[in-house]
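This report refers to the structure that appears directly beneath it.
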Amino acid sequence: MATLMKNKPRGLQIVIILTVLMFFASNAFAETPVPLFGFSVEQTQNPKDVSASIQILLLLTVLSLAPSILIMMTSFTRTIIVLSFLRNALGTQQMPPNQVLIGLALFLSLFIMSPVLNEINTEAFQPYTKGEITQETALDKSSTVIKGFMLKQFGNNEKDLELFVSLAKIKTPVDPKTLPLTVVIPAFIINELTIAFKIGFLIFIPFLIIDMVVSSTLMSMGMLMLPPVMISLPFKILQFIMVDGWNLITQTIVGSFIR
């Protein structure tokens, strides 16, 4: 108790000193001019200023839509769906975690899309930075390269592409390379979902066989109260490891794309 009484005045002195320092600091900041930042909308007679403002606005819009562009126009959709099917087939709940699956899908997509990115860099970005082509030409060349990648993924099955061509009321026959991105992108997404679900079905078959064998064995032994998942899960993980599952899944995903 005596110790607390001795420390109390010292603590009070510290509080008073800090209060005085804050008071002098506030006065110092009050006397020193501080710059004020803000945004304003003003009229201008120069069309170039309006054009630059619109370009900045469009750039910010593209940056906000960058995740959607990454998902919808690259190999990310098929990759992440196949990896999700694999986790559900194994029955490992949240293992691997979502962060790991998304990270793996991103890096696999970067590997798969590297030839496309290199072509965009060679055909559009580098000439644009050197001033050899205009911004509109660079965008047209970039969209042509990406469109070429998406059209290759249809292979001989162009039903999804034909669906959106008919919905857009475009006269046929038509060269797929001349189709707008508003037709190619949704058809590409549906095609990616179809291929991903086909691969997911093939992934489920061996694990489903293990579940059926374990369930029938437990029923024949009269162990009805024991969940079959508890017994089949270690066997599914063991089978996946023995066949080098991650290697096979990666090879299947990368090999399914036509580059």
Next item on the list: Name the one entry in I203, I209, I190, I258 that is touching a helix residue (DSSP H, G or I) at 6+ places or on another chain (Cβ under 9 Å), assigned to a helix (DSSP H, G or I), open to solvent by 40 Å² or more (accessible area, probe 1.4 Å) and aliphatic (A, V, I, L, M).
Entry: I190
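Would you please name the residue that is nearest to M73 (Cα to Cα), looking only at residues in region 111-133 that are of a type outside the set (D, E) and assigned to a loop (DSSP other than H, G, I, E, B)?
That would be I133.
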Next item on the list: Residues being open to solvent by 80 Å² or more (accessible area, probe 1.4 Å) and of a type outside the set (A, V, I, L, M): count how many of those fall in region 95-119.
Entry: 5
Next item on the list: Enumerate the pairs (first residue in region 142-163 and under 11 Å from F188 (Cβ atoms); second residue anywhere and of a type in the set (A, V, I, L, M, F, W, C) and open to solvent by 80 Å² or more (accessible area, probe 1.4 Å)) with beta-carbon separation below 7 Å, excluding pairs fewer than 6 apart on the same chain, so at least 6 apart or on different chains.
Entry: K152/I258; Q153/I258
Item checked: Filtered residue count, region 120-136, keeping only those that are open to solvent by 60 Å² or more (accessible area, probe 1.4 Å) and either of a type in the set (A, V, I, L, M) or touching a Phe, Trp or Tyr at 6+ places or on another chain (Cβ under 9 Å) (or both) -> 2
Checklist line | Inter-residue pairs, beta-carbon under 7 Å, first under 11 Å from F111 (Cα atoms) and of a type in the set (A, V, I, L, M, F, W, C) and in region 246-259, second modelled with pLDDT of 85 or more and not in a helix (DSSP H, G or I), 6+ apart | finding: none
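Only residues that are of a type outside the set (V, I, T), in a helix (DSSP H, G or I) and open to solvent by 40 Å² or more (accessible area, probe 1.4 Å): list them for region 137-171, please.
Listed by number, the residues that qualify are L139, D140, K141, K152, K159, E162, L163, F164, S166, L167.
The values are calculated or read from the model by the stated rules, or taken from the named source; none is laboratory data. Treat the numbers as computed from the prediction; the structure is a model and nothing was measured. Virtual Cβ from ideal backbone geometry, glycine too; neighbours counted across all protein chains shown. All accessible areas refer to the heavy atoms of the entire protein, side chains included, with ligands and DNA or RNA removed. Shrake-Rupley method; radii C 1.70, N 1.55, O 1.52, S 1.80 Å.
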